[in-house]
Amino acid sequence: MQNRKFLAVVTLLVFALVLSASCALAAEKVLKIGVLFPLTGPCATAGQRCVAAVETAAEVINNKHPELDVPLAKQEGILKGTKIQLVVADTQGKPDVAKSEAERLVNQEGVYTIIGSYNSSASKPASAVTERSKKLFMCGCSSSAALTDRDFKYFYRLAPTDKTESHEFVEYIGWLNKNQKAGIKTIGLIYENTEFGKHAADEGKAAAKAAGFEVVVDVPFNPGATNLNSEVQTLKAKNPDVVFGACLGGDYTLWVRTMKQMNWLPKAVLNYCTGYQDPKITQQLGADGNFFMGGTGYSPEIGAKYMKKVAAVEKIYTKKVGVPFDSDSIQEAVALFILAQAIEKAGTLDVEKVAEVLRTTTFDSPLSLGGKVAFGPGGQNMKATSIITQLHDGKYMPVYPTSYAEIKAIVPMTPWDKR
Amino acid sequence: MSTFVQVMLDGLLAGMLYALVAAGLSLIWGVMDVINFAHGEFLMVAMYLSYWLGFLAHVDPIVSWVASGAFVFILGALTYRFIVSRCIGKAAMAPLLATFGLSMFLKNFCLNRFSPNFRILQTTVLEGKKIILGDIVIGLPQLVTGLFSLAILFALYFLMKKTRLGWAIQATAMDREAAELMGINTDRIYLLVFGLGGACVGIAGGLLTSYLAVHPEVGALFGLIAFLIVAMGGFGSIPGALAAAILIGLVEALAGFYIAPVFKYVAVFAMYLAVIMIRPKGLFGW
């Protein structure tokens, strides 16, 4: 008899527990956001950091953070309590996988938006899926200009494009010739033979020719190669004054080290969003990475001077990955912040209305260089800026535009044997 | 002319490294008729071991290759004992699929434990050293790796041709049942062959750390090239592996420089197809 009573009490307790849990679940409104990045494969490092950046933004948006001076930090969730729930998926850096994972996120997981996908070659097919399904695609850092030339209605990209960076590069070379008597006449390009690399190179060549520079060598390579000997040998044989580089991850380190092995350097190297921007790669390359230059949207040095509100958010991010934000990962955090601000302003989850807000609003964005985000035709952020930095002992020192410059760039680069 | 010599030298050194990576695979494939799909991942494991020894204990790759070789010898032997031996005599694809599973396990284990970050040993004995002969530059890490490869391949060849163990391995490769009737413990031979195959790629991985970044994907293309070399050189043939590897290194370098860098693997695979069409057993096949 006593056993029966005990059983009845336990059963009642279990029911009560299940009921209260389901009530709590029902009370918590969630908005599913797909987070689609390369978590395995050659670009996994960058992809995992991008995911951590989106998670950081979600943490700030979902919980009260009165200590942070960024939009939505002082409230809990969006639309009066809706919490953001991230559904993470892996592209492996492959376009076909990106497409099928985007389809899964949209059709099976029922996500509201996808944020992704680092590689331009992956963002392209994944965003075609969302466009067909009339879902938003927030693209943080894929830089191929072709992505915003498609006139998509639901695609929005935060980072500057390769086109913007190419123009900045040639403008800077002109400035170097004028002010530092650099004597730069010829340009070479080395790039991975992918959507990103090819478009970056096309934009680089077009900008160089338009500015009157001669492009003397053009070296595409297969990413993940066992060596880059022929590639560097080809560059060395033509000996361009400046090289534009579009090499991601491990290929960047291999390229730099092969140049060292072959005892060759051009007068200057300017990198698109590549391994150059990765603080871990920079740390690993040590002194070998010095004096290389590239477009940079964020570094702790830039943040300390021009984006002071980032530091507090960066603490949350650094706890996750052990390194500060870089130019790419911070754009992914911005992507979620901007989306949340747009939903909040629209006051609804209606995709058409949120898209309208995205198209017509200038957003405050303390995590962006310049502090503002506004989307133009094709969904490109018209306020996106990057500055040219040069690496000095692991620090990204701004060198151009002159309004940001903190040091005079070392051009020509210090030869390998004199470092 | 100096450019041509430089390109040839680069190709030759790359080929010598490929030969060491492929020699172990060739041995396993030739003797046991088993394709070790985890060969590239064995290289990656060896590189990680060498990297951590260098990073944590300051052991230079010029020394730590011994540990890498020994570790991957044990890994190879364990792979045979617990995975491959259970697949032999089953469906033809069983060992291939089992080692494919092992490769996925190793890759994802390293991805999980060591993150996808690229890791480079910054200060090694050979780091940045080079021999400059006029316009020709030879990187010392590459040269030393190439010379080590040649020495180890020679030792392996000597083992196979001049020792009783080598004869037992060859006998097992020719006819396992007959070898058993002659008193050869073929199971132990298989275990040793898998271990030796692992040791070769382990040594290559240990040395590679002196100039190449380590990451979980590093073995993929090396593994693929090793398969080409084995098929081109002839299954089980050490001189075949060396010849095919040097040929691949040279074609890669020459096509990459004189045609287009992006064409180098096209040229390599085209040559592989041509060799296989003309001589399906490979250049030195048994």
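Values computed for the structure shown
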{"quantity": "So A:Gly249, is it within 8 Å of another protein chain (Cβ to nearest Cβ) and surrounded by fewer than 24 Cβ atoms within 10 Å (Cβ to Cβ)", "calculated": "no"}
{"quantity": "Region B:105-129 residues that are at the interface with chain A (Cβ under 10 Å from one of its Cβ atoms), paired with ones that are surrounded by 16 or more Cβ atoms within 10 Å (Cβ to Cβ) and among the acidic types (Asp, Glu) (beta carbon under 7 Å, 6 or more apart)", "calculated": "B:Lys107/B:Glu41"}
{"quantity": "Qualifying position, being of a type in the set (S, T, N, Q) and within 14 Å of chain A (Cβ to nearest Cβ), among B:Thr172, B:Thr99, B:Thr145, B:Thr163", "calculated": "B:Thr145"}
{"quantity": "Which numbered condition A:Val399 fails, given (1) crowded, with 16+ Cβ neighbours inside 10 Å; (2) at pLDDT 95 or above; (3) of a type in the set (Val, Ile, Thr); (4) assigned by TED's automatic domain parsing to the domain that holds A:Ala58", "calculated": "(4)"}
{"quantity": "Helices (runs of 4 or more DSSP H) contained in region A:244-346 and holding at least 1 residues modelled with pLDDT under 95, of a type outside the set (Val, Ile, Thr) and closer than 26 Å to A:Asn177 by Cα", "calculated": "A:249-261"}
{"quantity": "The one condition in (1) in contact with a Ser or Thr (Cβ under 8 Å, 6 or more places away or on another chain); (2) modelled with pLDDT of 95 or more that A:Lys353 fails to fulfil", "calculated": "(1)"}
{"quantity": "Qualifying residue in region A:150-158 (condition: modelled with pLDDT of 95 or more, of a type in the set (Ser, Thr, Tyr) and assigned to a helix (DSSP H, G or I))", "calculated": "no"}
{"quantity": "Residue check for B:Leu208: surrounded by fewer than 17 Cβ atoms within 10 Å (Cβ to Cβ), touching a residue at least 24 places away in the same chain (Cβ under 8 Å) and at negative phi", "calculated": "no"}
{"quantity": "Some residue of region A:46-54 being out of contact with any Phe, Trp or Tyr (no Cβ under 8 Å at 6 or more places or on another chain), at pLDDT 95 or above and more than 14 Å from chain B (Cβ to nearest Cβ)", "calculated": "yes"}
{"quantity": "Unique match (being assigned to a helix (DSSP H, G or I) and either without any contact (Cβ under 8 Å) to a residue 12 or more places away in the chain or over 30 Å from A:Asn63 (Cβ atoms) (or both)) among A:Val170, A:Val106", "calculated": "A:Val170"}
{"quantity": "Any hit, region A:179-192, residues being assigned to a helix (DSSP H, G or I), within 14 Å of chain B (Cβ to nearest Cβ) and either under 26 Å from B:Val5 (Cα atoms) or touching an Asp or Glu at 6+ places or on another chain (Cβ under 7 Å) (or both)", "calculated": "no"}
{"quantity": "Filter result (out of contact with any Lys or Arg (no Cβ under 8 Å at 6 or more places or on another chain) and crowded, with 24+ Cβ neighbours inside 10 Å) within region A:141-155", "calculated": "A:Cys141, A:Ser143, A:Phe155"}
{"quantity": "The listed residue being hydrophobic (A, V, I, L, M, F, W, C), within 14 Å of another protein chain (Cβ to nearest Cβ) and in contact with a Leu (Cβ under 6 Å, 6 or more places away or on another chain), out of B:Ala38, B:Ala14, B:Ala77, B:Ala19", "calculated": "B:Ala19"}
{"quantity": "Pick from region A:195-221, criterion of a type outside the set (D, E, K, R), surrounded by fewer than 22 Cβ atoms within 10 Å (Cβ to Cβ) and in contact with a helix residue (DSSP H, G or I) (Cβ under 6 Å, 6 or more places away or on another chain), ranking: farthest from the other protein chains (Cβ to nearest Cβ)", "calculated": "A:Ala211"}
{"quantity": "Wholly enclosed strands (runs of 3 or more DSSP E) of region A:347-419 bearing at least 3 residues within 30 Å of A:Asn239 (Cα to Cα)", "calculated": "A:387-392, A:395-400"}
{"quantity": "Per-region count, region A:293-348, residues among the basic types (Lys, Arg) and either touching a strand residue (DSSP E or B) at 6+ places or on another chain (Cβ under 6 Å) or under 19 Å from A:Thr361 (Cβ atoms) (or both)", "calculated": "1"}
{"quantity": "Members of region B:141-166 found to be among the hydroxyl-bearing types (Ser, Thr, Tyr) and more than 18 Å from B:Leu27 (Cβ to Cβ), listed by number", "calculated": "B:Thr145"}
{"quantity": "Test result for A:Leu189, without any contact (Cβ under 8 Å) to a residue 40 or more places away in the chain and touching a Phe, Trp or Tyr at 6+ places or on another chain (Cβ under 6 Å)", "calculated": "no"}
{"quantity": "First in region A:115-129 and among the aliphatic types (A, V, I, L, M) and part of a helix (DSSP H, G or I), second anywhere and surrounded by fewer than 24 Cβ atoms within 10 Å (Cβ to Cβ) and at pLDDT 95 or above, Cβ under 7 Å, 6 or more apart", "calculated": "A:Ala126/A:Lys99; A:Val129/A:Lys99; A:Val129/A:Glu103; A:Val129/A:Val106"}
{"quantity": "Test result for A:Phe155, in the same structural domain as A:Thr130 (by TED's automatic domain parsing), touching a residue at least 12 places away in the same chain (Cβ under 8 Å) and farther than 27 Å from A:Pro279 by Cα", "calculated": "yes"}
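Conditions (1) out of contact with any strand residue (DSSP E or B) (no Cβ under 9 Å at 6 or more places or on another chain); (2) within 23 Å of A:Gly204 (Cα to Cα); (3) among the aromatic types (Phe, Trp, Tyr), marked per residue:
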{"site": "A:Thr82", "(1), (2), (3)": "no, no, no"}
{"site": "A:Val87", "(1), (2), (3)": "no, no, no"}
{"site": "A:Thr91", "(1), (2), (3)": "no, no, no"}
{"site": "A:Ala102", "(1), (2), (3)": "no, no, no"}
{"site": "A:Thr113", "(1), (2), (3)": "no, no, no"}
{"site": "A:Glu131", "(1), (2), (3)": "no, no, no"}
{"site": "A:Gly140", "(1), (2), (3)": "no, yes, no"}
{"site": "A:Ser144", "(1), (2), (3)": "yes, yes, no"}
{"site": "A:Asp151", "(1), (2), (3)": "yes, yes, no"}
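The values are calculated or read from the model by the stated rules, or taken from the named source; none is laboratory data. This structure is a prediction, so every number in the text was calculated from the model and none was measured. Using ideal geometry, Cβ is built from the backbone for each residue, glycine included, and neighbour counts are taken over all protein chains shown.
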